[in-house]
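Take a look at the structure below.
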Amino acid sequence: MKILRVFNNNLVLALDESGREVILTGRGLGFQARPGQSVDAAKVSRVFVPADGGDSDHLAKLLAGIPPEHIQLVSHAIATVGLDSVGRNPAAVIALADHVSFAIRRVNLGMDIAYPLLAEVQHLYTDEYRQAEALLATINENSDVQLPQTEAVGLALHLVNAGFATGDLSYTYRMTGVIQQMVTVIEQAYGITLDPGSVSVGRFITHLRYLFVRIHNHKQLDSEPTMVGQAIRESFPDAADVAVRLSGILELRLGAALTPDEISYLALHVARVTTER
């Protein structure tokens with residue numbers, strides 16, 4: 001395999017023998033490596049093959065921000081639990097690793113995040129929640145940092161999202177136009193220009209895609225008013241105002257009003273995309 005791009009000491013984008021772009025991780029794999037050089041196969045610990053049409057460069061950027069030990073931790077847990085379909089989906093593996101890595105950092109900082117969706121996730125996504133509990137148990141068995149049981153909710157939602165698909169190309173086209181309109185509204189509201197290739201914008205767009213699928217499947221996040229939603233609105237008032245405007249766009253374009261929960265989480269993502277640039 002030949003190296004196409006070096007992202008850091010532990011991650012490179014390469015071209016395999018069949019001409020596919022693949023993402024490779026491994027300790028020291030990218031150290032002093034240069035594009036065009038052959039990959040040291042002995043250092044490769046994980047190979048990610050983006051699905052057809054997947055953005056390998058974006059996935060690699062996201063992976064570059066995740067400690068290799070967290071990627072390995074999640075990959076091992078996925079294999080141990082037997083989530084083969086998830087393990088074959090690079091985007092899903094990376095999303096789970098990103099979530100777990102962030103959760104570990106929160107625990108180390110003493111931050112306690114309450115998920116208000118436990119009952120809904122357990123009720124609507126029984127299989128995914130059961131898988132998430134097994135995944136969390138395996139992660140904790142192999143990690144010095146113990147994640148709280150509530151993280152099963154976040155993991156379950158990632159597993160649900162990994163299986164979402166509308167199968168409707170026209171809906172995909174419409175989503176693309178709506179995403180662009182929403183990004184423009186955020187840029188105008190904050191007087192900034194967002195980098196479409198950045199990791200933060202990629203995360204925001206991923207959130208929107210899954211939100212659209214929940215709208216399409218009539219499964220929006222919906223619970224009684226919570227302290228979490230109130231805290232988000234109080235902590236990020238500007239983002240909350242923008243989220244309300246964005247919800248109006250979605251109602252006009254997709255014919256569905258967002259629930260208060262969805263608006264709160266949308267506000268959280270607006271705040272993140274406008275600060276992590």
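The values are calculated or read from the model by the stated rules, or taken from the named source; none is laboratory data. Since the structure is predicted, the reported quantities are computational estimates derived from the model, not experimental observations. Cβ sites come from the backbone with ideal geometry, for glycine too, and all protein chains shown count toward neighbours.
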For this session: Restrict the check to the stretch 172-186 and report whether at least one residue is touching a Phe, Trp or Tyr at 6+ places or on another chain (Cβ under 8 Å), at pLDDT below 75 and either part of a helix (DSSP H, G or I) or not assigned by TED's automatic domain parsing to the domain that holds H99 (or both).
Result: yes
Exercise. Within the set of pairs 6 or more residues apart or between chains, which connect a residue that is on the phi > 0 side of the Ramachandran plot inside the stretch 208-233 to a residue that is at pLDDT 80 or above with Cβ atoms less than 9 Å apart?
Worked result: H218/A256
For this session: Determine, yes or no, whether L250 is in a helix (DSSP H, G or I), touching a helix residue (DSSP H, G or I) at 6+ places or on another chain (Cβ under 8 Å) and aliphatic (A, V, I, L, M).
Result: yes
Problem set entry | Among (1) buried (at least 20 other Cβ atoms within 10 Å of the Cβ); (2) at pLDDT 85 or above; (3) over 15 Å from the mean Cα position of the chain (by Cα); (4) not basic (K, R), the one test that L155 misses | (3)
Exercise. Quick check: is even one residue across the stretch 201-214 farther than 17 Å from V121 by Cα, in a helix (DSSP H, G or I), among the small types (G, A, S) and within 20 Å of the chain's Cα centre (by Cα)?
Worked result: yes
Exercise. Among the residues of the stretch 61-92, how many are β-branched (V, I, T), in a helix (DSSP H, G or I) and under 21 Å from S198 (Cβ atoms)?
Worked result: 1
For this session: Would you check if S247 is among the hydroxyl-bearing types (S, T, Y), assigned by TED's automatic domain parsing to the domain that holds M182 and surrounded by fewer than 16 Cβ atoms within 10 Å (Cβ to Cβ)?
Result: no
For this session: Take V39 and decide whether it is in contact with a strand residue (DSSP E or B) (Cβ under 9 Å, 6 or more places away or on another chain), modelled with pLDDT under 90 and of a type in the set (V, I, T).
Result: no
For this session: With respect to G28, determine if the residue is of a type in the set (G, A, S), modelled with pLDDT under 90 and either within 26 Å of the chain's Cα centre (by Cα) or assigned to a strand (DSSP E or B) (or both).
Result: yes
For this session: May I ask you to verify whether R233 is closer than 23 Å to Q180 by Cβ and either charged (D, E, K, R) or part of a loop (DSSP other than H, G, I, E, B) (or both)?
Result: no
